[in-house]
Amino acid sequence: MVEEQLAPRGIHQQATLDAMATVPRELFVEDAMQARAYGDHPLPIGGGQTISQPYIVALMTQALELKGHERVLEIGTGSGYQAAILSKICERVYTIERLDSLLGKARKLFDRLHYYNIVSRIDDGTSGWPDEAPFDAILVTAGGPKIPEPLVEQLADPGRLVIPVGNQEVQDLQLVTKIEGEVQVSTIEQVRFVSLVGEHGWQD
Ligand code: SAH
């Protein structure tokens with residue numbers, strides 16, 4: 001996966017490649033999907049949700065430019081795979097999921113794999129996690145109509161936020177940087193994510 005799908009497409013950051021080579025992706029997909037776990041595509045994880053294609057996980061992780069000391073907020077725990085990748089290359093991961101059934105499974109895996117620097121809760125992540133803010137980096141793994149304002153507020157300075165923004169079919173993967181009080185937005189590439197549903201996302 002690393003040699004065929006990631007390195008040739010411009011994933012060069014060593015920490016990201018190491019994390020992708022270490023976390024057992026097959027444990028984060030349903031039993032019937034295990035043989036396809038490392039394929040170059042997203043897979044269903046139940047509840048109408050998906051675990052992202054490996055390349056997209058790596059692309060989003062790399063864009064955060066983590067050095068190891070950061071506290072990172074993830075919105076959309078899903079299978080827990082992206083949180084597991086982040087946990088290898090930052091100090092602590094705070095991850096929020098709106099669906100109980102998915103978070104229950106992810107938490108069991110975090111325990112089983114001894115990923116003790118991941119904390120998680122059920123909530124609408126579009127409002128962020130005010131009690132633990134600010135975050136050095138924020139990663140949203142569902143697509144919204146706009147960048148939720150609370151997430152920009154809860155981003156540290158300096159800080160980096162990555163989020164798919166667009167319609168419910170296709171989105172621009174946007175990178176928001178905050179440096180010395182100035183917020184800038186740029187587009188990384190086009191992506192297709194499941195919908196970010198919440199107060200500052202799509203309505204149910
Ligand atoms: N990062 C996940 C990808 C999951 S797909 C992984 O590695 O597997 C996106 C997830 O975002 C879904 O599980 C969905 O339920 C969740 N989600 C959508 N809107 C949300 C919101 N407002 N708050 C928290 N989670 C949300």
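The values are calculated or read from the model by the stated rules, or taken from the named source; none is laboratory data. Just so it is clear, the model here is predicted, and its values are computed rather than measured. A quick note on method: Cβ atoms are made from the backbone with ideal geometry, for glycine too, and the neighbour counts reach across all protein chains shown. The protein model used for the area step is the full one, side chains on, heavy atoms only, and it has no ligands, DNA or RNA in it. Shrake-Rupley method; radii C 1.70, N 1.55, O 1.52, S 1.80 Å.
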Would you check if Ser79 is outside any helix (DSSP H, G or I), within 12 Å of the ligand (Cβ to nearest atom) and within 21 Å of Phe28 (Cα to Cα)?
yes
For the range 51-76, how many residues meet the condition of being of a type outside the set (Asp, Glu), part of a loop (DSSP other than H, G, I, E, B) and either open to solvent by less than 20 Å² (accessible area, probe 1.4 Å) or within 18 Å of Asp124 (Cα to Cα) (or both)?
3
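Kindly evaluate Leu17 against the criterion of being outside any helix (DSSP H, G or I), more than 10 Å from the ligand (Cβ to nearest atom), hydrophobic (A, V, I, L, M, F, W, C) and touching a residue at least 12 places away in the same chain (Cβ under 8 Å). Reasoning before the result, please.
On the way: outside any helix (DSSP H, G or I): no; more than 10 Å from the ligand (Cβ to nearest atom): yes; hydrophobic (A, V, I, L, M, F, W, C): yes; touching a residue at least 12 places away in the same chain (Cβ under 8 Å): yes.
It is false that Leu17 is outside any helix (DSSP H, G or I), more than 10 Å from the ligand (Cβ to nearest atom), hydrophobic (A, V, I, L, M, F, W, C) and touching a residue at least 12 places away in the same chain (Cβ under 8 Å).
Can you list the strands (runs of 3 or more DSSP E) found entirely within the range 106-204 that contain at least 3 residues being open to solvent by 20 Å² or more (accessible area, probe 1.4 Å), within 16 Å of the ligand (Cβ to nearest atom) and within 24 Å of Cys90 (Cα to Cα)?
118-122
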Among (1) over 21 Å from Glu132 (Cβ atoms); (2) of a type in the set (Gly, Ala, Ser); (3) surrounded by fewer than 22 Cβ atoms within 10 Å (Cβ to Cβ), Ser79 falls short only on (3)
Tally, over the range 89-105, of residues that are among the acidic types (Asp, Glu), within 12 Å of the ligand (Cβ to nearest atom) and surrounded by fewer than 16 Cβ atoms within 10 Å (Cβ to Cβ):
1
Among (1) in contact (Cβ under 8 Å) with a residue 40 or more places away in the chain; (2) within 8 Å of the ligand (Cβ to nearest atom); (3) not basic (Lys, Arg), Tyr55 falls short only on (2)
Let me spell it out: the conditions are (1) of a type in the set (A, V, I, L, M, F, W, C); (2) open to solvent by 40 Å² or more (accessible area, probe 1.4 Å); (3) without any contact (Cβ under 8 Å) to a residue 40 or more places away in the chain; (4) under 17 Å from Ile118 (Cβ atoms), and Ala35 meets all of them except one. Which number is the exception?
(4)
